[in-house]
1. Tell me which aspartates and glutamates have Cα within less than 17 Å of B:Lys49's Cα, excluding those fewer than 8 residues away on the same chain?
2. How do A:Asp248, B:Asp119 rank when sorted from fewest to most other Cβ atoms within 10 Å of their own Cβ?
3. With just the Cα atoms defining each centre, how far is the range A:97-129 from the range A:370-409? Give it in Å.
4. Could you please report the charge total around A:Gly115, scoring K, R as +1 and D, E as -1 over all other residues with beta-carbon less than 10 angstrom from its beta-carbon?
5. Around A:Gln33, which amide H atoms from residues at least 5 apart in sequence, or from another chain, sit under 5 Å from its own amide H, with H modelled in the peptide plane?
6. What does the charge add up to near B:Glu429, with Lys and Arg as +1, Asp and Glu as -1, over the other residues with Cβ less than 14 Å from its Cβ?
7. Determine, for A:Phe236, B:Phe302, A:Phe60, the number of other Cβ atoms within 10 Å of each Cβ, and report the residues in order from fewest to most.
8. Which ³J(HN,Hα) values, rounded to whole Hz and listed in residue order, are derived for the range A:166-183 from phi using the Karplus coefficients 6.51, -1.76 and 1.60 in 6.51 cos²θ - 1.76 cosθ + 1.60 with θ = phi - 60°, glycine and proline given as x?
Amino acid sequence: MKKLLLLLLLAHCLAPASELFAGKPLAGISGIQSDSARGRSIANLLEMHLYNILRSTNSFNQIDTAQMRSQLVRFDCLEDSCILRFAQRADIHLVLRGTVRDMRSSLDIEIYALGTGTPYYGARIYRYHIRIPLSRMSLSTREFSYITEEHAGRFISNLLCRYRFPVAFTLQGGASVPDYPEPLNGTFTLYRFDPSPEAREPLRSYRKAGEVRLENGRITSLAPGTPQPGNGDFVFLTYENKSRYLTDFYRGRKRELVLTPWNVSDTLYIMLFTAPASASMPLVVPVLGHYARGDYAGLGLWAVNAAPYLYLEADGFLNRPQKLKKENRDISQNDAARYNFALYFCFAGGMSLFVDAFAQDYLHQAAQYQDIQPLMGSSLSAAYLSLICGGGGHFYRGHRAWGYLYFHLNNVMMYYTLREFSRAERYNSDTDSYEKEPVDKARAYRYLGAYCALKLIETIHAVLLDDRIENGELVEEQTAITPAVLFDPEGNLAFGIQGTMRF
Amino acid sequence: MNMKRCPIHTPGRRIFCSAAMKCFLVMLTLAMNSLPLPAEEIDPSSTVKSVAVFTMPHNDPAILALSREAAEYVERTFDRMGRFLPAEHHRVQWALTQARTGQAAESAVSDAARLLNTDLYVVISVSRSPRFSYAVMEIRGQKHQALRKTWRIRSRIARNIPLKLGREIALFHRGIGLSADIIRRYDNGQFLLNAGQWHGLRAGKTYQTGNTTVTILQTGRFISLAETASRTADINHINFGNSPDAEGGAAVIDVALERTTIANYGLGTTLLKHENAEHRYIEGLCIINPGGNLCLPGYGAFLATEYLRFQNARPDVPGIAVSVSAFLVHLALPSAATGFKCNFFPWERDSDKSEAMQRLHIFLWGTIPFNFSVAYMDQLAHLFHTTEHLPPFFENRNTMAGFMSFIIPGGGMFYKGHRFAGWCYYFSELSLGGYSVYNWENGNRGKIALGALGLIKLIDILNSVLIGPSYSFFTAETERDASSVSLETGMYRTGENEEVYSISLTRPL
């Protein structure tokens, strides 16, 4: 009986795939390699989450990860070339692989997917490489699980956005129907293989044959010029909707885990705290903000970027109009503008740098799942901060480069607008009084209009941006542009620039 | 010579028709590992150029582990470069078992390479002395007999050995253009190439190769389907010419090398392992050192370095002498210039102190904190050199050096260990500053001097950003010894327990 079963199985083994099996694509995780004990446990978590997330999409048949890995290890089949051979033979359409490298202070995670059959023929579909900093964070199994789930979710989501699965048409009762277990709906591009190379060849070329409309797995219409789909013609099934769903789901879930729910009172607290925070910024931000939190890049940026405005603020207060009046000195338009700017920067303008000093740290902790962060993640607060100080909303969201851009734009525009509205005063020794000089109101309102437009753009931009709570840093090393010096076939030197894209 | 064909793993001739059978079928199909491919089918990975990596056997388990790690990294680098596909482990093991019987390791490796029929093979031999780990890596060409290249590298950090070998492999790929063979032709003029996505080819892209235009229709991982506008009957292979990004690959490895080296020598991972090294460094510079220097100018800077927990630290006496001399200039130059007649304090002006002299006096006293900081950084640079440690923030050393030069004259140069250059910038900037202040109301002299100071400051910042660190223990790990003649002596034990004493003079070409 055992022999019979084995023979039956063997017969199945040797039968061509297309005759036996039509269904969802088959996916397998061939194991995540690691180089340390900590890496091994993280690799296990990653495998588990990849498997579960893939299953949650309900788009794939899956092979048990542990079984597949143990067999591949047993037969020392660990290279891409061997695994691809195995996957092609076993009709596994999608193979997920990866490595976790423990760099002591960080983890390097690389995951990639290989596809077999049309249209990939073994090619790498997507590669995801992330570096997760680990220093000065208390990360337990709970946090590591969340972190690996987040990356697995992002990987699967990006993979699904790219993945295409061919569904062939078969003739059933004289009608062509897509050979897929679930009814297909929608308009699809129809493809047809070129007659040569033949079906048994390792690669085949195909061309667009037209468009078909399917409803409940039946052809309802063909675009003009489209031939009737024949045996072997196919359409590509895409997974973009599921990819979007996964992206939204994991983004929303992370916000729930690490940020407080939307709350108006938080914005009110920020409003109340604006003036003291802005006024104390020159002392609090470098010492209690950047330095105490170990944000040295932030400290350097603060020193370089805040210096000119702090000078203007100090100069404005030291040479304030009241003091100049006591000394019977003329008050120039610049003196008045500097004083007004000093008032603005003292009670509102400095708030953006205050926000930067603390938001960076809060968001970094949120990215590493270190408890729920208070006051963060509110669009209303972002809008308020954008309105009252330059780049405040962007700093609040964690976008430092944007924040500094708007910070400088805002302050420069604010200074010149205040300058246009400020009136110079000349001391008249005859009357022992000050005479105010007129201002060009039309010009001043033009400046005000430009400033309001800037604030509108800044506020909308800040509200539309997402909070930077993604874990890890994406390692961008897939593309490179380098100068090239080559010999052409005739032996002549050829100079140029080459772009390289790694897969 | 036994030229048996190596069995190719072909597990998995199976279709999963039900979820319940999947696992069993996987095991079953994997077990059928020697099932040959049908004659008409092509195993794409077997058509591409390949390389086998061997390690020399050794009795020391630590060296054996390092050899394996090095071999894996070298294979990974070959894989990343996309020109020579590393032979699969099980095939290498099979070839070694076939070849090893009764032979010396050297000849067993060359026999195994012949059995595998790879284009290249690499032999890695690792050894250790009390201070260094050594590796000798040799690449030999089987199909290109002329190719034979050897690298000898050494490192004080064992983890760097695989990385250094990997970097050499990455750079070995410089200029190796993509050349693909036509392995099958079809009736419609299309043909199959033994180069695919792994080599950098992209489906839908057209390549100009000499007089021929090749369009890639489909790419697999290792093969491609292509067509040309002209006849290809008389062409057997196509030179695409595009080289792998060897420099980019080496740059990635350089980053990893730096990371392990900083982890090995950095203050934060050694002396201040359980403390916040960055905080201590800043506190030392801004709080401890000014206090120390106020109590004891010059030597106080050395005492302040104790805050970073250096062990068996000794001061650099010439450095202290220079900083004390400079401090005395700051303190007493105006007095000395007026024959010690003017008031000692800058805020007091008398008939012997002109307005220009008072400005200079205020400037010199006002810049005493720079003297304290420079004295401290000089002592630190000396201690980093002698105790072989790297300062905090060294991962971002260029930014940090630029910032230090921005706030302290010559600060960035001291940070990177260039003490003499640091003192030069310090004296230049202070002198120009003093001259500018003294001559501020003397025509344009003061302004011109200020302009020159700005220029020197800019050069100081740029120089400190662009210059490499001078810590030899760091540069020895991260830089390639590609330009100098080096004399090396070695004493190590080979895999056969043979003592080897070596002396070599190396001049890279």
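1. A:Glu79, A:Asp80, B:Glu75, B:Asp79, B:Glu88, B:Asp119, B:Asp181
2. So the ranking, lowest neighbour count to highest, is A:Asp248, B:Asp119.
3. The range A:97-129 and the range A:370-409 have Cα centres spaced 35 Å from each other.
4. Net charge around A:Gly115: +4.
5. So A:Gln33 has HN proximity to A:Gly98, A:Thr99, A:Val100.
6. So the environment of B:Glu429 carries a net charge of 0.
7. A:Phe236, A:Phe60, B:Phe302
8. Coupling constants for the range A:166-183: x, 10, 7, 8, 10, 8, 10, x, x, 10, 7, 10, x, 8, 9, x, 10, x Hz.
Since every read-out is calculated from the coordinates, none of them should be taken as a lab result. Remember, predicted model here, so these are calculated numbers, not experimental data. Methodologically, a virtual Cβ is constructed for each residue, glycine included, from the backbone with ideal geometry; neighbour enumeration extends over all protein chains shown.
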